[in-house]
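Worksheet: the structure to be examined is printed underneath.
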Amino acid sequence: DDQIEAYEELLPVIKRDHGSVWVLIADRQLIKTFPAFAAAARFARERYGKQQVLIRHTDERKTEDAPFVQVHVED
């Protein structure tokens with residue numbers, strides 16, 4: 001997936017600049033970092049709706065809710 005590939009390419013810079021955080025990747029770019037998964041998911045839902053995004057933690061072992069969340073928005 002393009003978003004995972006972009007995340008992996010950006011990860012060294014994200015860790016250097018932001019440390020241990022949740023990140024939102026969209027359009028193969030780092031959009032924003034968050035202290036909690038819920039905040040990242042809320043931001044993604046509000047701003048990206050149906051668009052595919054990736055939310056990952058820079059410490060891959062950390063999980064809060066689910067590593068994958070699909071949000072369905074009714075039109």
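The values are calculated or read from the model by the stated rules, or taken from the named source; none is laboratory data. Computed from a predicted model, the values in this text were never measured in an experiment. Positions of Cβ are backbone-derived with ideal geometry, glycine not excepted, and every protein chain shown enters the neighbour counts. Surface areas here come from the heavy atoms of the whole protein model, side chains and all, with no ligands, DNA or RNA. Shrake-Rupley method; radii C 1.70, N 1.55, O 1.52, S 1.80 Å.
Output the residue which, of all residues in region 6-16 that are of a type outside the set (A, V, I, L, M) and open to solvent by less than 90 Å² (accessible area, probe 1.4 Å), is farthest from the chain's Cα centre (by Cα). Working first, answer last.
Pass one, region 6-16, residues of a type outside the set (A, V, I, L, M): 7-9, 12, 15-16.
Going one step further and asking which of them are open to solvent by less than 90 Å² (accessible area, probe 1.4 Å), we end up with 7, 12.
Values: 7: 9, 12: 15 Å.
Looking at residues that are of a type outside the set (A, V, I, L, M) and open to solvent by less than 90 Å² (accessible area, probe 1.4 Å), I get 12.
Listed by first and then second residue, the pairs linking a residue in region 1-12 that is of a type in the set (Ser, Thr, Tyr) to a residue that is open to solvent by 30 Å² or more (accessible area, probe 1.4 Å), with Cβ atoms under 7 Å apart and 6 or more places separating them unless they lie on different chains, are 7/56. Contact map, region 20-37: first residue basic (Lys, Arg), second residue modelled with pLDDT of 95 or more, Cβ cut-off under 7 Å, separation 6 or more or different chains; pairs are 32/24; 32/43.
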